[in-house]
Amino acid sequence: HRIKNNLQTVAMLLRMQAADESALTVQDVLHISVNRILSIAAVHEVLAQEGFRLVNVKDVTERIVAIVSQNMLRPVLVTEIAVAGEPGMLPSRAATSLALVINELLQNALEHAFVGRTHGSVHITLGQARHELVVTVSDNGVGLPTGKPASLGLEIVETLVRDDMHGRLTFNSTSDGTQVIVRVPYDTEAE
């Protein structure tokens with residue numbers, strides 16, 4: 001069932017990408033799609049290694065950072081990407097959705113936050129607060145344009161947080177950077 005659900009998620013993502021009318025090259029679309037699929041695979045790698053039904057979100061996040069860094073960093077941009085915080089545990093389905101959310105937010109930051117710059121940093125912080133897993137992705141880039149821009153990546157993030165994880169999403173942006181906070185219901189008894 002887990003494999004079937006994840007293949008359905010991949011199919012949904014590819015359908016959404018096919019319907020997207022942005023001016024991305026075929027190569028860009030393939031890189032983005034590969035990152036999404038590898039983010040899902042990161043959850044399965046952790047499950048296979050640890051042998052549990054719960055997934056260490058910090059471990060998955062570190063794997064996603066390695067994948068996205070390898071595929072998305074521009075040679076002219078010096079970027080620091082750091083993961084900090086507590087290793088929360090989630091069931092595989094929620095962990096898969098969260099992996100995709102983190103992937104999309106990181107890709108977005110690397111693609112849009114540092115336009116015209118040679119240096120930048122992205123920090124992903126994991127924490128827990130009153131029955132919620134809190135993931136914060138922040139960058140020191142140029143900030144979001146006025147009003148949150150419509151993009152496939154952000155549409156995927158909003159859909160996964162709202163519908164799959166029944167969580168909340170907050171965007172804070174200034175000319176000094178953007179911070180996205182994802183709050184997901186979290187059962188501390190599951191650990």
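Confirm whether Ala84 is open to solvent by less than 70 Å² (accessible area, probe 1.4 Å), within 17 Å of Asp139 (Cα to Cα) and of a type in the set (A, V, I, L, M).
yes
Determine, yes or no, whether Asn103 is without any contact (Cβ under 8 Å) to a residue 60 or more places away in the chain and polar (S, T, N, Q).
no
Can you find, within the stretch 47-66, the residue that is modelled with the lowest pLDDT among those that are hydrophobic (A, V, I, L, M, F, W, C) and crowded, with 20+ Cβ neighbours inside 10 Å?
From the stretch 47-66, those hydrophobic (A, V, I, L, M, F, W, C) are 47-48, 52, 54-55, 57, 60, 64-66; that's our starting set.
Next, only the ones that are crowded, with 20+ Cβ neighbours inside 10 Å stay: 55, 57, 60, 64.
Values: Val55: 86, Val57: 91, Val60: 90, Ile64: 90.
That would be Val55.
Tell me yes or no: at least one residue of the stretch 59-72 is without any contact (Cβ under 8 Å) to a residue 24 or more places away in the chain and among the hydrophobic types (A, V, I, L, M, F, W, C).
Yes.
Mind listing just one residue for me: the one in the stretch 118-133 that is under 13 Å from the mean Cα position of the chain (by Cα) and more than 12 Å from Leu106 (Cβ to Cβ) and, of those, least open to solvent (accessible area, probe 1.4 Å)?
Restricting to residues being under 13 Å from the mean Cα position of the chain (by Cα) and more than 12 Å from Leu106 (Cβ to Cβ), the top hit is Leu126.
From (1) closer than 15 Å to Ala109 by Cα; (2) of a type in the set (Lys, Arg); (3) modelled with pLDDT of 85 or more, pick out the condition that doesn't hold for Arg168.
(1)
Is it the case that Glu104 is within 17 Å of Phe171 (Cα to Cα), acidic (Asp, Glu) and at pLDDT below 90?
Yes.
Restricting to the stretch 161-183, count the residues that are under 21 Å from Val122 (Cβ atoms), free of Cβ contacts under 8 Å to residues at least 24 places away in the same chain and acidic (Asp, Glu).
Summing the residues that are under 21 Å from Val122 (Cβ atoms), free of Cβ contacts under 8 Å to residues at least 24 places away in the same chain and acidic (Asp, Glu) in the stretch 161-183 gives 0.
The values are calculated or read from the model by the stated rules, or taken from the named source; none is laboratory data. Bear in mind that the values here come from a model prediction, so they are computed numbers and not experimental data. Counting neighbours? That spans all protein chains shown, and the Cβs are built from the backbone with ideal geometry, glycine included. Surface accessibility is based on the protein's heavy atoms, side chains included, excluding ligands, DNA and RNA. Shrake-Rupley method; radii C 1.70, N 1.55, O 1.52, S 1.80 Å.
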